[in-house]
Amino acid sequence: MAFAGKLLTRASLGSYICRTRGLTANRVHRRHVVSCIDPSLGLTDEQKEFQKVAFDFAANEMAPHMAEWDEKEMFPVDTMRKAAQLGFGGIYVQQETGGSGLSRLDTSIIFEALSTGCVSTTAYISIHNMCAWMIDSFGSEEQRHRYCPQLCSMEKFASYCLTEPGSGSDAASLLTTAKRDGDHYVLNGSKAFISGAGDTDVYVVMCRTGDKGAKGISCLVVEKGTPGLGFGKKERKVGWNSQPTRAVIFEDCAVPVANRLGEEGQGFTIAMKGLNGGRINIASCSLGAAHASVLLARDHLKVRKQFGEPLSNSQFLQFKLAEMATRLVASRLMVRQAALALQEERQDAVTLCSMAKLFATDECFTICNQSLQMHGGYGYLKDYAVQQFVRDIRVHQILEGTNEVMRMIVSRNLLQE
């Protein structure tokens, strides 16, 4: 794997406690007691090693800058390229095209650890990984070797383009057209809410090459600088501010037929297969935020005094903390089970990915929000990291398929029996 030789020199895995503007590593093994929320429990030695690397990178390279990236809306290109040097630019892309060749479970473990340092930046890295995997999995040999090495090194960055102004949850109704004209497709239309748009280099675009419905959709790779490719204004968002979000606009944009992934009409299938993994990735980012928020709440309860004693002496708050920890561990178990199912290509994988995304993003937002509540007025100040975790993971209940759509997928599976 790309980061194999660097694992053994990293600091031992600990619980990473979010301070005012960062995460400080502290060992979870104290007095021979293992924390009940220790994310390394049940992992193989190899998984623990690259988890260490991810936690260490989050603590040293991401967390100290998380608030600044958010406030100044900075896209931390240099930091992400450092992450790529550790193999995080193409975690589940095959090694022959520059990836790390790791499993879906390994990927979840890494994204959970990285997001303790910055959810927004990790979430973009996860979308970039999804795009690279789609090209690696459905592209020709020429396409795979043309795009994947530069994506895995993050020399170039990618964006996923499915959502449109008029088609969000109903993605199969998209209207962006791609008309065949000789050895090119001519694209017209627009995409909305595209992460990285305007700053990224490669756009994996779902467009209509045929009739209405899912079977008329194809997938094209559009490179920045292509005539007719434009972008809207940078959106002002509640969270996810370390990654730019813009509309992507196509006006008679000519794209070579050679840039099509798979066959005509295969685009919707490619998009959904990408999203199955994307849902696990986003759920994993929520896990990292929730893990950091539990530790933040725990530490605050220990030091904050009211009515002459620490808040940690309040049984009500003790029970709340226990509920947060339980929600976290339950979410983690569900996400990791879904990741295994996806890796093994099991028949229940799509439903499990939907369940995991629904459950983990809902529960982890509840955890982060409860942590903010435990901080009282301090939690509402931007000097305290918990408010950023709350803002950054709120959107996880909306993107990669809303949680209402996740409920539709699960219920449809049940009612088909």
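The values are calculated or read from the model by the stated rules, or taken from the named source; none is laboratory data. A quick note: this is a predicted structure, and the numbers were derived from the prediction, not measured. Here Cβ is always computed from backbone atoms with ideal geometry, including for glycine, and neighbour counts include all displayed protein chains.
A few remarks follow.
- One residue from 159, 120 being among the polar types (S, T, N, Q) and not in a helix (DSSP H, G or I): 159
- Meets criteria (at pLDDT below 95 and in contact with a helix residue (DSSP H, G or I) (Cβ under 6 Å, 6 or more places away or on another chain)) for residue 126: no
- Counting only residues that are touching a helix residue (DSSP H, G or I) at 6+ places or on another chain (Cβ under 7 Å) and β-branched (Val, Ile, Thr), the range 366-408 holds 5 of them.
Residue by residue, here is whether (1) among the small types (Gly, Ala, Ser); (2) closer than 19 Å to residue 204 by Cα holds:
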position: 86; (1), (2): no, no
position: 113; (1), (2): yes, no
position: 118; (1), (2): no, no
position: 151; (1), (2): no, yes
position: 158; (1), (2): yes, yes
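- Comparison of 348, 392 shows that the only residue that is modelled with pLDDT of 95 or more and under 15 Å from the mean Cα position of the chain (by Cα) is 392.
- Tally, over the range 278-304, of residues that are of a type outside the set (Val, Ile, Thr) and buried (at least 24 other Cβ atoms within 10 Å of the Cβ): 16
- Residue among 287, 301, 296, 275 that is over 28 Å from the mean Cα position of the chain (by Cα), touching a residue at least 12 places away in the same chain (Cβ under 8 Å) and assigned to a helix (DSSP H, G or I): 301
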